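Novice: Handing you a structure now.
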Amino acid sequence: MFTKKDILRLKQDLTIQTNLLGVNLTLKTRWGVFSPRSIDDGTKLFMKHLKIINDDKCLDLGCGYGPIGLAVAKSCPKTEVHMVDKDFIAVELSNINAKLNRIDNVQIYLSDAFLSVNKTNYFDQVLSNVPAKVGREQLSIILYDAYDVLKTGGKITFVTINGLRYFIKNNLKFVFGNYKKLKQGQKYTVSQAIK
């Protein structure tokens, strides 16, 4: 257990230095957000198998403090990236990190999944490190809403724990009519479907 003397230090932002998609990023994080000490292994695997075209319009769903969306935006400066999260601290940190890394081709806002994303047939890609406890009801909402916001030919790319790989596979096939496993690692699987 920490002592009272530790609390002031624990309230200070943490800093991660990382390289994703070939760009260096400095990311501020806090206790209470997902993977505050380092980029998680699922995101690292995801980023190794992500292909973005420089003028894609992308949506980072559940952006956290921003590693995926900010790496995409910085590596492809002509890309328009929307980053959403239902956690206001995650949105605050993503905005701080966009400024810190001088990234201006992003729009970062609070949204419970797609509730505040007012776009139809707009995005080329929807990207997400899907939480393990998303639940099948929420996943169904996410997949149908993702289908609606994607252009024809647009891609949805998820990374999930391996325990969800068949669930994701079956649901992507059901909603999108197709499924492709991009990579299965020891703990995580990167999956994709095309509208």
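The values are calculated or read from the model by the stated rules, or taken from the named source; none is laboratory data. Predicted model only: the values in this text are computed from it and were never measured. Here the Cβ positions follow ideal geometry from the backbone for every residue, glycine too, while neighbour counts run over all protein chains shown. The area values use the complete protein model at the heavy-atom level, side chains included, leaving out ligands, DNA and RNA. Shrake-Rupley method; radii C 1.70, N 1.55, O 1.52, S 1.80 Å.
Novice: Roughly speaking, to the nearest percent, how much of the chain's 1.4 Å accessible area is carbon and sulfur? Write out the running numbers ahead of the final one.
Specialist: Values: 5470 of 10460 Å².
Ligands and nucleic acids excluded, carbon and sulfur give 52 percent.
Novice: I've got another one for you. Under 5 Å between amide H atoms, partner at least 5 residues away or on a different chain: which partners does Gly154 have, H built in plane at 1.01 Å?
Specialist: Amide H to amide H, under 5 Å and 5 or more residues apart or across chains, Gly154 pairs with Lys195.
Novice: Follow-up. How many Å² of accessible area per residue for region 133-189, probe 1.4 Å?
Specialist: Values: 3310 Å² over 57 residues.
Per residue, region 133-189 has 58 Å² of solvent-accessible surface.
Novice: Rounded to the nearest 20 Debye, what is the dipole magnitude of region 1-142 about its Cα centre when Lys and Arg each give +1 and Asp and Glu each give -1 at the C-beta? Can you show the working numbers first?
Specialist: On the way: 19 positive and 15 negative charges, 108 e Å.
So the magnitude is around 520 debye.
Novice: Further question on the same structure: Which aspartates and glutamates, if any, have their Cα less than 13 Å from the Cα of Lys51, not counting same-chain residues under 8 positions apart?
Specialist: Within reach: Asp124.
Novice: Write down the accessible area per residue of region 45-113 in Å², having rolled a 1.4 Å probe over the full set of protein chains.
Specialist: On the way: 3010 Å² over 69 residues.
Per-residue value: 44 Å².
Novice: With both bridge residues required to lie in the chain, what share of the DSSP beta bridges run antiparallel, to the nearest 5%? Could you put the intermediate results ahead of the total?
Specialist: Details: 18 of 38 bridges.
Close to 45 percent.
Novice: Separate question: Taking H placed 1.01 Å from N in the peptide plane, check which residues at least 5 places from Val130 or on another chain put their amide H under 5 Å from its amide H.
Specialist: Val159
Novice: Considering only protein heavy atoms, with the full assembly of protein chains and a 1.4 angstrom probe, order Arg102, Arg136, Arg30 by accessible area, largest first.
Specialist: On the way: Arg102 215, Arg136 160, Arg30 50 Å².
Heavy-atom accessible area, descending, gives Arg102, Arg136, Arg30.
Novice: Let me ask another. Karplus couplings for region 182-195 from phi (6.51 cos²θ - 1.76 cosθ + 1.60, θ = phi - 60°), rounded to Hz, Gly and Pro as x?
Specialist: 7, 6, 10, x, 5, 10, 10, 10, 9, 10, 8, 9, 10, 6
Novice: Relative to the longest principal Cα axis of the chain, at what angle does helix 88-100 sit, 0 to 90 degrees, rounded to 10?
Specialist: The angle comes out near 80 degrees.
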